[in-house]
Amino acid sequence: MAGLVRDERLRQAVLTPSVLLLADSSSRLPFFLLAVLFEHFRTGAWYPVGGSAAIARALAEPVRAAGGEVFVRTPVARITLDGTRATGVVLADGTRVRAPVVVSAAGAHHTYRTLLPRPSGAAPEPDPLEGLRNGYPFVLLFLGLDGDPAELGLPRHNLMVTDGDCDAFFDAGAGKGVLDGGTGPAPGGGPAGSGAPTSGLFLSFSCAKDPTWTARHPGRSTGEILAFVDPELFAPFRGSRWRDRDPEYLALKAALTERLLDRLYRELPRTRGRVAYHELGTPLTAEHFAGWPGGSLYGLAKDVAAFGDGHGPGLADRLRPRTAHDGLYLSGQDVLAGGFMGAVTGGLLAAHEALDRRGRARLWTGLLASATGRSRGTSDLA
């Protein structure tokens, strides 16, 4: 990038989306991930009509049509094994579900360290996660606004904001100064512009992307602001319980919220005075609701240590869809990349491994037909 793009501002504009979407410094990100990300957005992006819940509804229908079922609020306690073969799962309420194939999209950490039973032999099995680190956690400010998206000037595209150096936050090891937009005191103290690094901000307004939103919710809008934070920022409050947190935790949340709202008003002035509701989710929130260790919702870090430096395989080479246990397959973000498309690709790779030759042919033929139909404008998928 430094050799191809000489202008510093243009280089930052090119790198910022990759850094904020892949959650690490560009110096530690494998170039192929940046390339794939740019190719993904080269012809634009898409959003599901009816909101993200439409994805779940669309997935549940073919599962049920094939004789399967979809359960929610049904925690899995562990994966059962017969020797080295996965035979099903045990639910948290003790119910046993037998299955010839188990696919885990719960993340590599939970699959290997929580769901699989520990071996009883004297020699412990190699830990496939050794040397890999969790990705950076983030805070996420949920917004409810009075007014239609057009009235408030909310963009359909994602808005990424940085104060100049998109890598500074991650290169400093996330720092210790939390979020600092460069003006006003940092929440943890310190003068204005004291150099406390920030990850930059990621603003998204799904209400502006969904053509059915205004008809379903006239006069209302929603949005989210995401910013990565120091993994140790919320360490003093670990072990506390949801809805029963320390007052200092609530004060930290309030300071971060004020800072994110201030940036919202600067970037989108018509939202000032129109925020009717806001709630900040923290890494502890993510641990409580999603169970991700440290609140790392993007899973394991996708850096050169994981993928290799071009001279040899990286540590994530151990995390393939086909595991050492027959009938157990790993899916989700940790198979390849973080985020929605990473999870989708992880699912495809796991399905490829779990299916027989005939099933694989149906999988890829159907995928190719769908892609071809979409390119010709004949697909009804949003």
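The values are calculated or read from the model by the stated rules, or taken from the named source; none is laboratory data. Note that the coordinates shown come from a computational prediction; the quantities given were computed from them, not determined experimentally. Positions of Cβ are generated from backbone atoms using ideal geometry, with glycine treated the same way; all protein chains shown enter the neighbour counts. SASA here: full protein model, heavy atoms, side chains in, ligands and nucleic acids out. Shrake-Rupley method; radii C 1.70, N 1.55, O 1.52, S 1.80 Å.
Some points to look at:
- The set of residues in segment 277-299 that are surrounded by fewer than 16 Cβ atoms within 10 Å (Cβ to Cβ) and among the hydrophobic types (A, V, I, L, M, F, W, C) comprises F289, A290.
- Number of positions in segment 198-230 that are in contact with a Gly (Cβ under 8 Å, 6 or more places away or on another chain), open to solvent by less than 30 Å² (accessible area, probe 1.4 Å) and of a type in the set (S, T, Y): 3
- For segment 93-101, the condition of being open to solvent by 90 Å² or more (accessible area, probe 1.4 Å), within 28 Å of P137 (Cα to Cα) and of a type outside the set (A, V, I, L, M) holds for none of the residues.
- Checklist (1) closer than 28 Å to I225 by Cβ; (2) of a type outside the set (D, E, K, R); (3) in contact with a strand residue (DSSP E or B) (Cβ under 9 Å, 6 or more places away or on another chain); (4) without any contact (Cβ under 8 Å) to a residue 40 or more places away in the chain applied to V89, failing item: (1)
- Breaking point among (1) out of contact with any Cys (no Cβ under 6 Å at 6 or more places or on another chain); (2) in a helix (DSSP H, G or I), for Q12: (1)
- Neighbours by Cβ (under 8 Å, 6+ apart or cross-chain): first from segment 92-111, in contact (Cβ under 8 Å) with a residue 12 or more places away in the chain and farther than 26 Å from L348 by Cβ; second among the hydroxyl-bearing types (S, T, Y) and open to solvent by less than 70 Å² (accessible area, probe 1.4 Å): A92/T74; R96/T80
- Filter result (open to solvent by 30 Å² or more (accessible area, probe 1.4 Å), in contact with a Ser or Thr (Cβ under 8 Å, 6 or more places away or on another chain) and at pLDDT 90 or above) within segment 320-342: A324, D326
- Number of the condition not met by L129 [criteria: (1) touching a His at 6+ places or on another chain (Cβ under 7 Å); (2) closer than 29 Å to L250 by Cα; (3) crowded, with 18+ Cβ neighbours inside 10 Å]: (2)
- Checked against (1) within 14 Å of D303 (Cα to Cα); (2) part of a loop (DSSP other than H, G, I, E, B), M1 meets all criteria but (1).
- Here A77, A66, A53, A60 are screened, and the one residue that is in contact with a strand residue (DSSP E or B) (Cβ under 7 Å, 6 or more places away or on another chain), among the small types (G, A, S) and under 30 Å from Y112 (Cα atoms) is A77.
- Being over 27 Å from Y112 (Cβ atoms) and surrounded by 21 or more Cβ atoms within 10 Å (Cβ to Cβ) is a property that K302 lacks.
- Within segment 343-366, the set of residues being over 14 Å from the mean Cα position of the chain (by Cα) and either of a type in the set (V, I, T) or modelled with pLDDT under 90 (or both) comprises just one member, T365.
- If you go through segment 268-290 and keep only what is touching a residue at least 40 places away in the same chain (Cβ under 8 Å), farther than 30 Å from F31 by Cα and not in a helix (DSSP H, G or I), you end up with L268, R274, V275, A276, Y277, H278, E279, L280, G281.
- Some residue of segment 350-363 being touching an Asp or Glu at 6+ places or on another chain (Cβ under 8 Å) and crowded, with 21+ Cβ neighbours inside 10 Å: no
- D317 among the acidic types (D, E), open to solvent by less than 20 Å² (accessible area, probe 1.4 Å) and either in contact with a helix residue (DSSP H, G or I) (Cβ under 6 Å, 6 or more places away or on another chain) or over 22 Å from A227 (Cβ atoms) (or both): no
- Qualifying residues in segment 17-76 (those that are in a helix (DSSP H, G or I) and β-branched (V, I, T)) - the one least open to solvent (accessible area, probe 1.4 Å): V19
- Selection count where residues are out of contact with any Gly (no Cβ under 8 Å at 6 or more places or on another chain) and not in a helix (DSSP H, G or I), scope segment 298-329: 16
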